[in-house]
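Q: Input: one structure, supplied below.
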Amino acid sequence: MSLDAVIIGAGHNGLVCACYLAAAGLEVRVLERRPVVGGAAVTEEFHPGFRNSTASYTVSLLNPKVIHDLRLAGHGLRVVERPFGNFLPLPDGRYLKAGGSLADTQREVAKFSARDAEALPRFYATIERVGDVLRDLVLETPPNVGGGLADALRALAAGRRLRRLDMAARRDLLELFARSAGEMLDDWFESDPIKAVLGWDAVVGNFASPYTPGSAYVLLHHTFGEVNGRKGVWGHAIGGMGAITQAMAREAAARGVAITTSAAVERVLVKGGRAAGVALASGEEIAARITVANVGPKRLYLGLMDAADLDPEFRSRIERFKGGSGTFRMNVALAELPDFRALPGAHAQPHHGAGIILGPSLAYFDRAHAQARAHGFSREPIVELLLPSTLDGSLAPPGRHVASLFCQHFAPRLPDGRSWDDEREQAAQAVIDVVDAYAPNFRRSILGMQALSPLDLEREFGLVDGDIFHGRLSLEQLYSARPLLGYADYRGAIPGLYLCGSGAHPGGGVTGAPGHNAAREILKDWRRGRIPR
């Protein structure tokens with residue numbers, strides 16, 4: 001007997017998709033390779049007594065409609081805001097705090113440049129104006145280029161939104177898609193600290209220099225979010241990122257979804273040219289009318305499907321699909337909080353609850369990328385340090401703390417045949433060296449740690465080349481071109497196959513949007529009789 005739908009991967013988008021399908025009356029089963037649901041949004045013990053968000057680590061992009069529709073608050077999800085956005089300590093002992101009120105940030109920026117402080121409101125207004133237009137597109141299905149009437153109507157609707165923008169806003173939109181973040185920020189500001197704080201969003205999860213064309217969009221992508229109704233704010237889920245996916249799993253179970261862990265999918269079954277379910281590594285086959293992939297396009301088409309089942313031109317395009325975040329992820333158990341030279345004290349202070357950016361300038365970011373391109377990883381990496389235990393006492397024993405370190409730039413594949421298994425420790429020590437330069441007690445306060453190279457992220461979470469976004473957020477891989485032109489509507493390369501992960505519009509981050517949108521398209525096909533019953 002066939003299920004109505006089988007979903008590959010119990011990451012957050014897979015769970016979101018399952019919830020919407022089940023609410024419409026479909027019989028749904030979700031299969032997860034790991035022993036725990038959540039994909040890369042999980043909370044796990046990494047050192048005795050210390051828990052942390054293992055991979056994804058902070059909240060803002062999770063869509064409010066998804067939060068509401070899946071009743072996540074009713075299932076225990078609580079997100080708290082950071083005391084303020086970012087803390088940037090500098091090598092000379094000065095610092096910049098960004099966040100809180102606009103006036104607060106302006107006062108901080110004025111320490112370095114009165115001109116930059118004056119420009120800041122206009123910059124934020126520009127980003128918000130363009131961001132609002134794109135935010136409206138997050139929960140919509142992109143038009144397929146060359147598609148039918150429905151796609152033409154989608155394109156028309158998107159065009160109408162853009163026509164509502166005045167010419168200045170249209171120019172801003174073009175710049176944010178096509179220019180580099182470095183160029184854009186250099187045009188707006190003269191002082192390095194504010195450019196570093198804003199430029200971090202352009203390189204996070206993006207193996208590129210801030211001066212790479214298109215990196216301005218990556219900056220914009222990270223501004224779409226909100227926490228508790230406040231736009232552009234970042235926060236922490238009490239209990240870690242796993243609290244999000246556990247709440248989703250509870251709602252899925254309440255809607256009758258069957259979730260099976262430790263169930264690795266080995267192959268998508270294809271019969272008569274249609275997806276017909278999946279085969280597991282255990283040898284079990286699960287028949288389904290609908291097969292939904294919450295894995296990246298490369299993982300799906302190159303790893304889980306036979307080449308004979310795909311159009312050769314399509315498959316060759318997927319082989320050239322760009323990925324690789326250049327990300328190295330660490331979780332660290334600490335005896336005490338970092339004691340920063342810029343703001344001394346190992347007791348909890350507001351800056352300990354912010355996103356702490358270690359990298360003083362765009363030039364530093366550019367150099368880190370160049371080092372990684374030449375040698376495999378930067379000896380002076382860019383580090384964002386979060387201390388979630390300052391906001392959430394459930395993560396560490398009393399008086400102890402956990403640190404999340406999200407680090408750039410680390411090549412997905414090392415040159416000269418070197419292995420990340422051999423160089424993981426050296427890379428971790430390079431990260432610790434950077435933190436210790438700003439907070440000299442950091443190394444000696446370490447009680448234990450977990451280091452995840454790009455290869456570890458691929459092996460553990462199925463992220464090909466360690467790509468946290470399931471594919472680069474570059475212009476040729478966005479909107480109607482994500483993952484490829486002609487396949488932007490969540491429908492896969494063969495009938496009965498759908499994509500619901502970050503390799504589909506609107507891309508990466510813990511948003512729930514691809515899962516939401518894919519479910520809507522699946523249900524359209526279901527109701528219109530396009531799926532055999």
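Q: Hey, any hits in segment 60-77 for a residue that's part of a strand (DSSP E or B) and either touching a helix residue (DSSP H, G or I) at 6+ places or on another chain (Cβ under 9 Å) or among the small types (Gly, Ala, Ser) (or both)? Talk me through it step by step, then tell me what you get.
A: If we filter segment 60-77 for residues that are part of a strand (DSSP E or B), which is where we start, we get none.
Within segment 60-77 (the criterion being part of a strand (DSSP E or B) and either touching a helix residue (DSSP H, G or I) at 6+ places or on another chain (Cβ under 9 Å) or among the small types (Gly, Ala, Ser) (or both)), the answer is no, since none of the residues qualifies.
Q: May I ask you to verify whether residue 231 is at pLDDT below 95 and either crowded, with 23+ Cβ neighbours inside 10 Å or more than 16 Å from the chain's Cα centre (by Cα) (or both)? Before you say what the answer is, go through the steps one by one.
A: Working: at pLDDT below 95: yes; either crowded, with 23+ Cβ neighbours inside 10 Å or more than 16 Å from the chain's Cα centre (by Cα) (or both): yes.
Taking the combined requirement at face value, the residue satisfies it.
Q: Being under 30 Å from residue 8 (Cβ atoms), open to solvent by 60 Å² or more (accessible area, probe 1.4 Å) and either without any contact (Cβ under 8 Å) to a residue 40 or more places away in the chain or assigned to a loop (DSSP other than H, G, I, E, B) (or both) is the requirement here; does residue 91 meet it? Lay out the reasoning, then the answer.
A: Values: under 30 Å from residue 8 (Cβ atoms): no; open to solvent by 60 Å² or more (accessible area, probe 1.4 Å): yes; either without any contact (Cβ under 8 Å) to a residue 40 or more places away in the chain or assigned to a loop (DSSP other than H, G, I, E, B) (or both): yes.
Answer is no for this residue.
Q: Can you tell which of 54, 58 is modelled with pLDDT under 95, among the β-branched types (Val, Ile, Thr) and either touching a Phe, Trp or Tyr at 6+ places or on another chain (Cβ under 9 Å) or buried (at least 17 other Cβ atoms within 10 Å of the Cβ) (or both)? Walk me through it before giving the result.
A: On the way: 54 fails: modelled with pLDDT under 95.
Sole residue among the options that is modelled with pLDDT under 95, among the β-branched types (Val, Ile, Thr) and either touching a Phe, Trp or Tyr at 6+ places or on another chain (Cβ under 9 Å) or buried (at least 17 other Cβ atoms within 10 Å of the Cβ) (or both): 58.
Q: Considering only segment 387-406, I want to know if a residue exists there that is more than 18 Å from residue 46 (Cα to Cα), in contact (Cβ under 8 Å) with a residue 60 or more places away in the chain and of a type in the set (S, T, N, Q).
A: No.
Q: Might you let me know whether segment 6-21 holds any residue that is of a type outside the set (Gly, Ala, Ser), surrounded by fewer than 19 Cβ atoms within 10 Å (Cβ to Cβ), outside any helix (DSSP H, G or I) and in contact (Cβ under 8 Å) with a residue 24 or more places away in the chain? Break it down into steps so the answer makes sense when it comes.
A: Step one: list which residues in segment 6-21 are of a type outside the set (Gly, Ala, Ser), which gives 6-8, 12-13, 15-17, 19-21.
Keeping just the survivors that are surrounded by fewer than 19 Cβ atoms within 10 Å (Cβ to Cβ) gives none.
No, segment 6-21 has no match at all.
Q: Then there's this: Give the residue that is most open to solvent (accessible area, probe 1.4 Å), with candidates limited to residues of segment 187-199 that are farther than 15 Å from residue 105 by Cβ and touching a Phe, Trp or Tyr at 6+ places or on another chain (Cβ under 9 Å).
A: Going through segment 187-199, the residues farther than 15 Å from residue 105 by Cβ turn out to be 187, 190, 192, 199.
When the remaining residues are screened for being touching a Phe, Trp or Tyr at 6+ places or on another chain (Cβ under 9 Å), the result is 190, 192, 199.
Working: 190: 108, 192: 78, 199: 0 Å².
It comes out as 190.
Q: Here is a further query. Name the residue, out of 277, 256, 283, that is on the phi > 0 side of the Ramachandran plot, open to solvent by less than 40 Å² (accessible area, probe 1.4 Å) and either assigned to a loop (DSSP other than H, G, I, E, B) or at pLDDT 95 or above (or both). Please lay out each step first, then the result.
A: Details: 256 fails: open to solvent by less than 40 Å² (accessible area, probe 1.4 Å); 283 fails: open to solvent by less than 40 Å² (accessible area, probe 1.4 Å).
After applying the criteria, what remains is 277.
Q: Restricting the search to segment 482-533, which residues are under 19 Å from residue 3 (Cβ atoms), under 22 Å from the mean Cα position of the chain (by Cα) and of a type in the set (A, V, I, L, M, F, W, C)?
A: Correct list: 499, 500, 518, 519.
One line per residue, one yes/no per condition, for (1) open to solvent by 30 Å² or more (accessible area, probe 1.4 Å); (2) part of a helix (DSSP H, G or I); (3) touching a Pro at 6+ places or on another chain (Cβ under 8 Å):
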residue	(1), (2), (3)
313	yes, yes, no
321	no, no, yes
336	yes, no, no
340	no, no, yes
347	yes, no, no
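Q: For segment 359-398, which positions are over 21 Å from residue 57 (Cβ atoms) and either part of a strand (DSSP E or B) or of a type in the set (Asp, Glu) (or both)?
A: Scanning segment 359-398 gives 366, 379, 380.
Q: Mind checking which residues of segment 474-533 are over 21 Å from residue 274 (Cα atoms), aliphatic (A, V, I, L, M), open to solvent by 10 Å² or more (accessible area, probe 1.4 Å) and not in a loop (DSSP other than H, G, I, E, B)?
A: Of everything in segment 474-533, those that are over 21 Å from residue 274 (Cα atoms), aliphatic (A, V, I, L, M), open to solvent by 10 Å² or more (accessible area, probe 1.4 Å) and not in a loop (DSSP other than H, G, I, E, B) turn out to be 475, 481.
Q: Kindly indicate whether any position in segment 461-471 is open to solvent by less than 20 Å² (accessible area, probe 1.4 Å), in contact (Cβ under 8 Å) with a residue 12 or more places away in the chain and assigned to a helix (DSSP H, G or I).
A: Looking for residues that are open to solvent by less than 20 Å² (accessible area, probe 1.4 Å), in contact (Cβ under 8 Å) with a residue 12 or more places away in the chain and assigned to a helix (DSSP H, G or I), one finds at least one in segment 461-471, hence yes.
Q: Is there any pair with a first residue in segment 302-329 that is closer than 19 Å to residue 278 by Cβ and a second that is acidic (Asp, Glu) whose Cβ atoms are under 7 Å apart and which are 6 or more apart or on different chains, and what are they?
A: As it stands, the answer is 302/319, since those pairs meet every condition given.
The values are calculated or read from the model by the stated rules, or taken from the named source; none is laboratory data. Note that the structure is a prediction, hence the values are computed from the model and not measured. Every residue, glycine among them, receives a Cβ derived from its backbone with ideal geometry; neighbour counts consider all protein chains shown. Note: areas computed on protein heavy atoms with side chains; ligands, DNA, RNA excluded. Shrake-Rupley method; radii C 1.70, N 1.55, O 1.52, S 1.80 Å.
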